[in-house]
Amino acid sequence: MNRIAVLGSTGQLGNDLVEVLQSSNVFEVLPLNHAAMECTKHDSVRTVLKKAGPQVVINCAAFVRVDECEDRPEKALEVNALGALHVARTCAEIDALCVHISTDYVFDGSKGSAYTESDTPCPINVYGASKLAGEQLVRRSAPRWLIVRMASLFGKTGARGKGGNFIETIIAKARAGEPLRVVNDVRMSPTYTYDAAQALVQILQSNATGLLHLTNQGACTWYEFAREALELIGLGAAIEPIDSIEYPTKARRPRNSSLESERLNGLLKCRTRSWREAVKAYLVEKAYIPSVTLPATILS
Ligand SMILES: NC(=O)c1ccc[n+]([C@@H]2O[C@H](COP(=O)([O-])OP(=O)(O)OC[C@H]3O[C@@H](n4cnc5c(N)ncnc54)[C@H](OP(=O)(O)O)[C@@H]3O)[C@@H](O)[C@H]2O)c1
């Protein structure tokens, strides 16, 4: 049985990944949280991984606060680039496959349509640059690597680094009767961490390596994403679409960072579901709406 170490195991993605890997009964899972390993310290990474001896290391550890990265570029590079390097070098030493989780924010968003694995990255903020540096260091340092770019994650624990996820923020504001004004000129591919975890397990079983985009199907604006969630719950809150110029943020965001994959369908037993179906599944999991018969998923 393959032993898999999951770094950042208490994070939004790491948490679902550990659960899905454990329930697959195919892998032995070693969850490694921040307390167990400091990815910015080579000694810590090396000591823990050498002792654990995994055949696969999945690195979900990251500094994900996109705006804070602008003020703290050293920390962004330390965790997202140097941390990735330490993990990749140790994978080389212990002959493990290095699976590195990356982001749609490596792109500048100017393409005007979904990015595939063939497109050239060109980050426009510190977070994206630090994640791209991490990708490049993994490619150069680990003999066997799989880089999986994901996007706009939502999952039951919420992002630890961000203190929640977008859907929860919108629901809380709607319930509190706060005005909802949401950006409608920025497109992305919302992705449910449970689906990403399910797909990643299948990808690992296919022995894939290289670069891969993994999201739920389709793309939308943040306004459309918010409206879908509120409509499904039946919260009749008014929600106003705005332009991003009316919602200035410290870090620039790509206008359209939606992702597609040229490779994914060949690696999975069936396609990931649409982002709308994934939002519905998330709302069921969180008990916001009753369980319904959900359309075919990657589980079928
Ligand atoms: N969130 C998104 O929308 C999004 C979109 C695209 C791609 N991604 C990528 O997906 C991956 C997972 O993101 P997520 O949403 O699951 O983030 P998250 O919930 O913030 O999880 C990140 C994990 O990394 C750990 N960590 C942070 N600094 C560390 C360090 N120096 N050493 C060891 N562990 C450390 C955190 O532990 P502590 O909290 O205990 O420090 C946490 O468990 C990341 O690679 C991210 O770049 C995320």
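Among the numbered conditions (1) small (Gly, Ala, Ser); (2) out of contact with any helix residue (DSSP H, G or I) (no Cβ under 7 Å at 6 or more places or on another chain); (3) within 15 Å of the ligand (Cβ to nearest atom); (4) under 22 Å from CYS220 (Cα atoms), the only one that ALA129 does not meet is (4).
Taking the criterion of being open to solvent by less than 50 Å² (accessible area, probe 1.4 Å), near the ligand (Cβ under 8 Å from one of its atoms) and at pLDDT 95 or above, the residues of segment 135-164 that qualify are ARG149, MET150, ALA151, SER152, PHE154, GLY155.
The set of residues in segment 234-259 that are over 23 Å from ASP104 (Cβ atoms), part of a loop (DSSP other than H, G, I, E, B) and open to solvent by 80 Å² or more (accessible area, probe 1.4 Å) comprises GLY236, ALA238.
Tell me, please, whether a residue that is outside any loop (DSSP other than H, G, I, E, B), crowded, with 19+ Cβ neighbours inside 10 Å, in contact (Cβ under 8 Å) with a residue 40 or more places away in the chain and out of contact with any helix residue (DSSP H, G or I) (no Cβ under 7 Å at 6 or more places or on another chain) can be found in segment 260-270. Scanning segment 260-270, I find at least one residue that is outside any loop (DSSP other than H, G, I, E, B), crowded, with 19+ Cβ neighbours inside 10 Å, in contact (Cβ under 8 Å) with a residue 40 or more places away in the chain and out of contact with any helix residue (DSSP H, G or I) (no Cβ under 7 Å at 6 or more places or on another chain), so the answer is yes. Residue count for segment 121-165 under the criterion of being of a type in the set (A, V, I, L, M, F, W, C) and either in contact with a Ser or Thr (Cβ under 6 Å, 6 or more places away or on another chain) or part of a strand (DSSP E or B) (or both): the result is 9.
The condition of being in a helix (DSSP H, G or I), out of contact with any helix residue (DSSP H, G or I) (no Cβ under 9 Å at 6 or more places or on another chain) and within 15 Å of the ligand (Cβ to nearest atom) holds for only one of GLU231, GLU168, that being GLU168. Filtered by the rule that a residue be in contact (Cβ under 8 Å) with a residue 40 or more places away in the chain and either among the hydroxyl-bearing types (Ser, Thr, Tyr) or open to solvent by 40 Å² or more (accessible area, probe 1.4 Å) (or both), segment 73-91 gives PRO73, LEU77, LEU82, ARG89, THR90. The strands (runs of 3 or more DSSP E) found wholly in segment 1-66 and carrying at least 1 residues that are more than 19 Å from ALA142 (Cα to Cα) occupy 27-32.
The values are calculated or read from the model by the stated rules, or taken from the named source; none is laboratory data. Remember, predicted model here, so these are calculated numbers, not experimental data. All Cβ positions, even for glycine, are placed from backbone atoms using ideal geometry, and neighbour counts span all protein chains on display. SASA here: full protein model, heavy atoms, side chains in, ligands and nucleic acids out. Shrake-Rupley method; radii C 1.70, N 1.55, O 1.52, S 1.80 Å.
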